[in-house]
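Student: Okay, here's the structure, questions in a sec.
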Amino acid sequence: MRSVIVLPTYNERENIEVFLRSVRDTGAPVDVLVVDDASPDGTADAARAVAGELGGISVLDRTAKDGLGSAYRDGFERVLTDGYDVIISMDADLSHDPAVVPEMLRLIDGGVDAVIGSRYVCGGGTTDWPAHRRLLSRWGNAYTRAALRLSVNDCTSGYRAYRADALRSIEPTSTQAEGYAFLTELVRRLDRGGHTIAETPIVFRDRERGKSKMSGRIVVESMWLVTRWGVADRLRRLTGRG
Ligand SMILES: Nc1nc2c(ncn2[C@@H]2O[C@H](COP(=O)(O)OP(=O)(O)OP(=O)(O)O)[C@@H](O)[C@H]2O)c(=O)[nH]1
Ligand SMILES: [Mg+2]
């Protein structure tokens, strides 16, 4: 299985080298595609500076900051075209421990279509997050599960692995969300497409370096889209078209 991590970055210069080295330290046979939005702090150059030494690392340079959803759409399109078998998504701010990658690959190898690194299953959790972030994430996930009738416990975790065929079949490039709602959009499409989704516990660490790109706008977008999708699903069920 050829595997690749798609890694959106914006101003992660302080994290990128440590991240890439820690991926290599796991010994997992996985490439990395950094999808950088012309970070003013030089993240892309910092990645290129260690790429030769570490191997299997490339950078997709985008021209301006255009959001997490858009970065993933471009990154996924590239790696699906390149013919990878497994596509992993991760944050570059060291919140996601690369040591979980081998377990995700094992689960995909065992037959599941997608694996979600979940904060909300037994053994998972968040450390150092302030109360308001915990509440937002917990409440947001509970609302998403109920509105979209999903059985996944952590719909907004960005730490995932997808079997390439499953990802290709849900057409990620036709998604619309800009922020982390993109992640929910993919879970909804996987679920509706009848794909198997496993959750494996992760302990999410708050970033120590660099700035969060989370904004009120992104939270509102997520609530609005989840509500809209939920209403559309109910209408479809009522009219017997879904
Ligand atoms: N290419 C690209 N990457 C982005 C963009 N916004 C965020 N990212 C990256 O996406 C990942 C997640 O972003 P974070 O800022 O950590 O957002 P978050 O994890 O939802 O929020 P925090 O928990 O507060 O850090 C990080 O690797 C960011 O650098 C963007 O517009 N373009
Ligand atoms: Mg983060």
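The values are calculated or read from the model by the stated rules, or taken from the named source; none is laboratory data. Being a predicted model, the structure only gives us computed values, none of them experimental. Cβ sites come from the backbone with ideal geometry, for glycine too, and all protein chains shown count toward neighbours. Note: accessible area is taken over every heavy atom of the protein model, side chains too, but ligands, DNA and RNA are not part of it. Shrake-Rupley method; radii C 1.70, N 1.55, O 1.52, S 1.80 Å.
Student: Across segment 60-94, which residue is farthest from ligand 1 (Cβ to nearest atom) among those that are part of a strand (DSSP E or B) and open to solvent by less than 30 Å² (accessible area, probe 1.4 Å)?
Tutor: Just the residues of segment 60-94 that are part of a strand (DSSP E or B), to begin with: 60-61, 86-89.
So of that shortlist, the ones also open to solvent by less than 30 Å² (accessible area, probe 1.4 Å) come out as 60, 86-89.
Details: Leu60: 9, Val86: 20, Ile87: 16, Ile88: 13, Ser89: 9 Å.
Applying the filter and picking the extreme gives Val86.
Student: Go through segment 201-242 and give me each residue that's part of a strand (DSSP E or B) and within 16 Å of ligand 2 (Cβ to nearest atom).
Tutor: Result: Val203, Phe204, Arg205.
Student: Away from ligand 2 (no atom under 16 Å from the Cβ) and either open to solvent by 50 Å² or more (accessible area, probe 1.4 Å) or under 19 Å from Ile170 (Cβ atoms) (or both), is that true of Asp97?
Tutor: Taking the combined requirement at face value, the residue does not satisfy it.
Student: Continuing with this model, one more query. What are the residues in segment 12-33 that are within 16 Å of ligand 2 (Cβ to nearest atom), open to solvent by 50 Å² or more (accessible area, probe 1.4 Å) and either closer than 18 Å to Lys213 by Cα or without any contact (Cβ under 8 Å) to a residue 40 or more places away in the chain (or both), if any?
Tutor: Answer for segment 12-33, where residues must be within 16 Å of ligand 2 (Cβ to nearest atom), open to solvent by 50 Å² or more (accessible area, probe 1.4 Å) and either closer than 18 Å to Lys213 by Cα or without any contact (Cβ under 8 Å) to a residue 40 or more places away in the chain (or both): Arg13, Glu14.
Student: Return the pair list, or none, for Cβ contacts closer than 8 Å from residues in segment 205-216 that are farther than 9 Å from Glu14 by Cβ and basic (Lys, Arg) to residues that are part of a loop (DSSP other than H, G, I, E, B) and more than 7 Å from ligand 1 (Cβ to nearest atom), at least 6 apart or on different chains.
Tutor: Note: pairs meeting the criteria are Arg205/Leu94; Arg205/Asp97; Arg205/Asp128; Arg207/Leu94.
Student: Among the residues of segment 194-202, are any in contact (Cβ under 8 Å) with a residue 24 or more places away in the chain and more than 26 Å from Pro102 (Cα to Cα)?
Tutor: No: zero hits.
Student: Inspect segment 184-200 for any residue being open to solvent by less than 40 Å² (accessible area, probe 1.4 Å), within 16 Å of ligand 2 (Cβ to nearest atom) and at pLDDT 95 or above and give the result as yes or no.
Tutor: No, the conditions are met nowhere in segment 184-200.
Student: If you check Ala177 against the conditions, is it touching a residue at least 60 places away in the same chain (Cβ under 8 Å), away from ligand 1 (no atom under 16 Å from the Cβ) and either crowded, with 18+ Cβ neighbours inside 10 Å or not in a loop (DSSP other than H, G, I, E, B) (or both)?
Tutor: Against the criterion (touching a residue at least 60 places away in the same chain (Cβ under 8 Å), away from ligand 1 (no atom under 16 Å from the Cβ) and either crowded, with 18+ Cβ neighbours inside 10 Å or not in a loop (DSSP other than H, G, I, E, B) (or both)), Ala177 does not qualify.
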